[in-house]
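Visitor: Quick one: the structure is below, and I'll ask about it shortly.
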Amino acid sequence: MALALSLGARGLGRTWPNPAVGCVIVQRNRIVGRGWTQPGGRPHAEVMALRQAGEAARGATAYVSLEPCAHHGKTPPCAEALIAAGVSRVVTALEDPDPRVAGRGHAMLRAAGIEVTEGVMGAEAAEANAGFLKRVTQGLPLVTLKLATTIDGRIATASGESRWITGPEARRAVHGLRMSHDAVMVGAGTALADDPDLTVRDMGAGHQPVRILIDSRLRHSPESRLGRTADQHPVWICHGPGAPTAAREAWARTGALLLDCPETDGRIDLRAALALLAGRGLTRILCEGGAQLAASLVAGRLCDALLLFQAGKLIGAEGHPALGPLGLPLLAAAPRFRMVAAEAVGEDLMQRWLPE
Ligand code: AOF
Ligand code: ZN
């Protein structure tokens with residue numbers, strides 16, 4: 001199952017709207033098939049592993065990091081494929097909450113006389129597919145907030161200089177992170193200040209996450225890097241009802257997808273925007289700032305994990321803080337996080353925090 005989980009992880013960022021599942025088929029202590037969910041979500045992991053195993057699947061045990069599907073989608077159900085291949089035992093990590101499956105996959109296997117063991121490494125599987133599980137059960141994507149700051153929590157000097165706060169290893173780690181997410185997201189302030197292109201570079205084979213801009217008034221220019229590359233890799237823009245018609249038309253001409261989102265107090269309602277994004281299939285979003293968007297995500301309890309890269313620099317009070325105002329009256333009301341990992345990445349420190 002550990003191997004199935006690590007095979008499944010290869011698909012993270014590229015299987016949406018589907019989960020990234022792994023499957024290992026074992027015949028008399030020998031691995032005869034390995035598979036994982038393919039880009040775009042199909043074929044499913046089991047189908048890939050069964051193809052590799054061929055006749056060796058007869059009488060074998062299949063380890064799958066999610067309950068095999070039971071529905072006829074574009075392809076026949078994986079439970080049926082496992083039965084047809086003559087597998088005699090199936091071990092799974094987690095029930096699939098998709099209402100088309102939800103226990104039916106396990107039931108189909110059992111009805112065919114296959115021995116089924118559920119819940120093996122269930123916690124690990126739930127973590128690996130937290131994005132898919134959240135999309136299906138809550139209609140929201142998993143949001144990871146990435147911050148790159150100085151020791152004193154600043155992201156830019158007073159003049160707005162913000163490039164190269166962290167070192168090359170941390171920047172490379174961020175590109176790796178982008179690859180394992182379905183989408184990267186920034187706010188208009190960051191887009192205006194940095195003119196980012198938000199693509200993945202220097203990481204080998206090219207998978208590009210969807211690039212999301214939260215820009216209620218469409219202030220960012222269609223002539224920007226995002227605008228100029230929108231016909232090559234997807235750019236989705238969440239804007240508010242007050243976005244000028246001319247800007248909407250200019251952005252639409254770049255090939256970007258415009259998403260009309262509701263506003264509350266003059267700002268995009270992020271929960272509603274995220275629900276729209278999940279509705280379009282996104283399961284894992286990496287938010288890369290800026291301060292205002294980060295604060296709104298934290299204040300709205302929409303941030304599922306915080307990844308903090310800290311560089312050995314000090315900027316002082318005149319620098320820009322990583323987080324905009326949270327409007328907290330008392331320390332007791334402060335959102336709390338617990339550290340789950342801390343490691344050196346080159347010259348910087350990477351910390352992973354989960355909300356309490
Ligand atoms: C599996 N193995 O590798 C994956 C599964 O649109 P479809 O027909 O591809 O079905 C998508 C659903 O299939 C998805 O919501 C989830 O329930 C399941 N994903 N199932 O047996 C896999 N990726
Ligand atoms: Zn399937």
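Throughout, read-outs are computed from the coordinates displayed, never taken from laboratory work. Please read these numbers as outputs of a predicted model, since none were measured by experiment. For neighbour counting, all protein chains shown are included, and Cβ atoms are generated from backbone atoms with ideal geometry for every residue, glycine included.
Visitor: Have a look at the DSSP beta bridges in the chain and tell me what percent are antiparallel, nearest 5.
Guide: 45 percent
Visitor: Among DSSP bridges having both ends in segment 1-128, what percentage is antiparallel? Round to the nearest 5.
Guide: Roughly 60 percent of the DSSP beta bridges within segment 1-128 come out antiparallel.
Visitor: Can you find, among Thr15, Pro76, Gly33, the residue farthest towards the positive end of the dipole of segment 1-128? Put +1 on the C-beta of Lys and Arg, -1 on that of Asp and Glu.
Guide: Gly33
Visitor: Where Lys and Arg each count +1 and Asp and Glu each count -1, what net charge lies around Ser224 among other residues with Cβ under 9 Å from its Cβ?
Guide: After counting each charged neighbour, the total is -1.
Visitor: Students often forget the sequence filter, so: which lysines lie under 27 Å Cα-Cα from Lys134 once same-chain residues fewer than 8 apart are removed?
Guide: Candidates past the 8-residue exclusion: Lys74, Lys146.
Visitor: In addition: For a quick check of your reading of the filter: which trypsin sites (Lys or Arg not before Pro) in segment 188-234 sit in a DSSP loop and have no more than 12 other Cβ atoms within 10 Å?
Guide: Here the sparse-neighbourhood loop sites are Arg201.
Visitor: Per residue, how big is the convex hull of segment 275-325 when only Cα atoms are used? Give it in Å³.
Guide: Each residue corresponds to 88 Å³ of Cα convex hull volume.
Visitor: Right, something else. First select every other residue whose beta carbon is under 10 angstrom from the beta carbon of Thr37; then total the charges, Lys and Arg +1, Asp and Glu -1.
Guide: My count for the surroundings of Thr37 gives +2.
Visitor: A further question follows. If I model a spin label at Leu330 and Asp195 as a point 7 Å from the Cα along the Cα→Cβ vector, what separation in nanometres do I get?
Guide: Between Leu330 and Asp195, the label points sit 4.9 nm apart.
Visitor: Output the relative contact order of the chain, whole-number percent, from Cα pairs under 8 angstrom with separation of 6+ residues.
Guide: For the chain, the relative contact order is 16 percent.
Visitor: Could you give the length gained on full extension between Arg89 and Arg248, defined as 0.36 nm per residue of separation minus the Cα-Cα distance, in nm?
Guide: Computed gain between Arg89 and Arg248 is 51.7 nm.
Visitor: Once a ≥ b ≥ c are taken as the square roots of the eigenvalues of the Cα gyration tensor of segment 110-161, is the result rounded (a/c under 1.5), prolate (a/b larger than b/c) or oblate (a/b not larger than b/c)?
Guide: Cα axes put segment 110-161 in the prolate bin.
Visitor: Taking the convex hull of the Cα atoms, report for segment 1-128 its projected area averaged over all directions, in nm².
Guide: In nm², the orientation-averaged hull projection of segment 1-128 is 6.5.
Visitor: Do any trypsin sites (Lys or Arg not before Pro) in segment 1-42 lie in a loop, going by DSSP, with at most 13 other beta-carbon atoms within 10 Å of their beta carbon, and if so which?
Guide: Those satisfying the criteria are Arg28.
Visitor: Moving to a separate point now. Over the alpha-carbon set of the chain, divide Rg by the Kirkwood Rh and report the Rg/Rh ratio to two decimals.
Guide: With Rg and the Kirkwood Rh in hand, the quotient comes to 1.02.
Visitor: On to the next question. Quote the FRET efficiency, to the nearest 0.05, computed for Ile31 versus Arg338 with a Förster distance R0 of 30 Å and r equal to the Cβ-Cβ distance.
Guide: The formula returns an efficiency of 0.25 here.
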